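**Q** Following this message is one structure expressed as structure tokens.
The values are calculated or read from the model by the stated rules, or taken from the named source; none is laboratory data. Source: prediction; values computed, not measured. Note that we place each Cβ from the backbone using ideal geometry, even for glycine, and neighbour counts take in every protein chain shown.
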Amino acid sequence: MNKEQKIIISTNSAEKINAIVKEHGIKKLLLVCDSSFGFLEPHEEYEKISVPYVIFNEFTSNPLYADVCKGVELFRQEKCDAILAIGGGSAIDVAKCIKLFCKMPDSESYLTQEYKENDVLLIGVPTTSGTGSESTRYAVVYYKGQKQSVTHESIVPSYALLDRRNLNTLPVYQKKCTMLDALCQGIESWWSINANEESRVYSKKAIELIMENKENYLENTDQGNEAMMLAANYAGRAINITQTTAAHAMSYKLTSLYKVPHGRAAFMCLPRVWNYMLCHTDQSQYYAQEELEKIFNDIAAVLKCSNAKQAVVYLEELEQELFEKDSVNFNVTDAELLSKSVNVTRLKNNPVKLNEDTLHHLYIEIIQRTAK
Ligand SMILES: [Fe+2]
């Protein structure tokens, strides 16, 4: 697991990076960053990092495998010996793949080869508070239009540097969407059939921090930003143990079809999924009915609701409150296409079994709710 990862909370992240590269004797960095880089409050500090570096930013928000390969090429050509990722989830995911692939032979696709640990140092500096990718063993890339999950213990960055200043210039819409990604990850991890004591501690901390700090964070205060950066990291650590569940599985096609940002898409699905599960606790594919009911009520309590039913209502109201002015034009005739897109095997860690008919019904509910 990611036990060896060092998580550093600091408002002096450039200095921390310098100390890390010195400690590890790094000679040249590949700096993987996205379009936000030039707008980050500390970007001038990052540009003065004490070792030579070459920038790689030729990828999109849903990064392609071909883009990752370009990064691997650059890493080799420039004889880099470590990778620094400063960016949102996609930038960190690209950096993780470059780290994993750069020591593998390029005679065949990296995606079909056996993954092995290597000694390339990876440092992750998130600039959003959502995915927690800086602390997970997962990366997502797209190959021939299909989402591919790259999973390996060795791609958990050795260092995660949480610098709240990186959130100061994040647009408020993105702040909302990424916060909701963290909230979904915290909740889904809690009820996942893979949850354990450690993951539930992380889930609880993530949800508590979000609930206590969401207003401050959206108002861009230092305290709010620091707390949300930490919340997203806890949610990332939680899903690193459990993976996500049905709300995430259902969200991916909403993102690819309608371009709904990832966190918002997952949050559109979560209350309806929860509502369905609440009505079908007797159909748990893992927990005893009372156990699942208790899990739902425990989550509700952290959301400051008296029971799970009320928590579902609260989350739906929160969605409306946050996105009052940003509507999405869904088409109810897409419900079938959406339900067929969900990889049913990925629903296995959801506490209640969902079949294609149920998914279809849930998508209709989601679309109708969003259309109001
Ligand atoms: Fe997510």
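**Q** With the checklist (1) surrounded by fewer than 20 Cβ atoms within 10 Å (Cβ to Cβ); (2) touching a helix residue (DSSP H, G or I) at 6+ places or on another chain (Cβ under 8 Å) in hand, flag the one item I17 doesn't pass.
**A** Exception for I17: condition (1).
**Q** Let me ask you something else. How many residues does segment 123-161 contain that are in a strand (DSSP E or B), surrounded by fewer than 24 Cβ atoms within 10 Å (Cβ to Cβ) and either under 13 Å from the mean Cα position of the chain (by Cα) or modelled with pLDDT of 95 or more (or both)?
**A** 6
**Q** Yes or no: E316 of a type in the set (D, E) and out of contact with any Phe, Trp or Tyr (no Cβ under 9 Å at 6 or more places or on another chain)?
**A** Answer is yes for this residue.
**Q** Here is a follow-up. Only one residue in V32, V51 is more than 27 Å from E226 (Cα to Cα) and surrounded by 15 or more Cβ atoms within 10 Å (Cβ to Cβ). Which one?
**A** Exactly one residue qualifies, and that residue is V51.
**Q** Within segment 243-279, restricting attention to residues that are away from the ligand (no atom under 16 Å from the Cβ) and in contact with a Ser or Thr (Cβ under 9 Å, 6 or more places away or on another chain), which residue is farthest from E316 (Cα to Cα)?
**A** Ranking the candidates gives L257 first.
Here's the yes/no breakdown for (1) over 19 Å from the mean Cα position of the chain (by Cα); (2) more than 23 Å from G124 (Cα to Cα):
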site: Y217; (1), (2): no, no
site: D222; (1), (2): yes, no
site: Q243; (1), (2): no, no
site: V302; (1), (2): yes, yes
site: C305; (1), (2): yes, yes
site: A308; (1), (2): yes, yes
site: V313; (1), (2): yes, yes
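**Q** Pairs please, first residue from segment 145-173 and in contact (Cβ under 8 Å) with a residue 24 or more places away in the chain, second anywhere and exposed (fewer than 14 other Cβ atoms within 10 Å of the Cβ) and assigned to a helix (DSSP H, G or I), Cβ atoms under 6 Å, 6+ apart in sequence or on different chains.
**A** T169/F39
**Q** So the check is Cβ under 6 Å with 6+ separation or different chains; which pairs have a first residue in segment 246-264 that's at pLDDT 90 or above and a second one that's assigned to a loop (DSSP other than H, G, I, E, B) and within 13 Å of the ligand (Cβ to nearest atom)?
**A** Close Cβ pairs satisfying both conditions: L254/V260; G263/G130.
**Q** Next up: I239 passes all but one of (1) among the β-branched types (V, I, T); (2) more than 16 Å from the ligand (Cβ to nearest atom); (3) touching a residue at least 60 places away in the same chain (Cβ under 8 Å); which number fails?
**A** (2)
**Q** In segment 220-254, what residues are under 27 Å from L337 (Cα atoms), in a helix (DSSP H, G or I) and out of contact with any strand residue (DSSP E or B) (no Cβ under 9 Å at 6 or more places or on another chain)? Spell out the reasoning first.
**A** Here is the first cut: in segment 220-254, the ones under 27 Å from L337 (Cα atoms) are 243-254.
Now restrict to residues that are in a helix (DSSP H, G or I): 246-254.
Correct list: A247, H248, A249, M250, S251, K253, L254.
**Q** Determine which single condition G186 fails, assuming it passes every other condition in (1) farther than 21 Å from K304 by Cβ; (2) surrounded by 23 or more Cβ atoms within 10 Å (Cβ to Cβ).
**A** (1)
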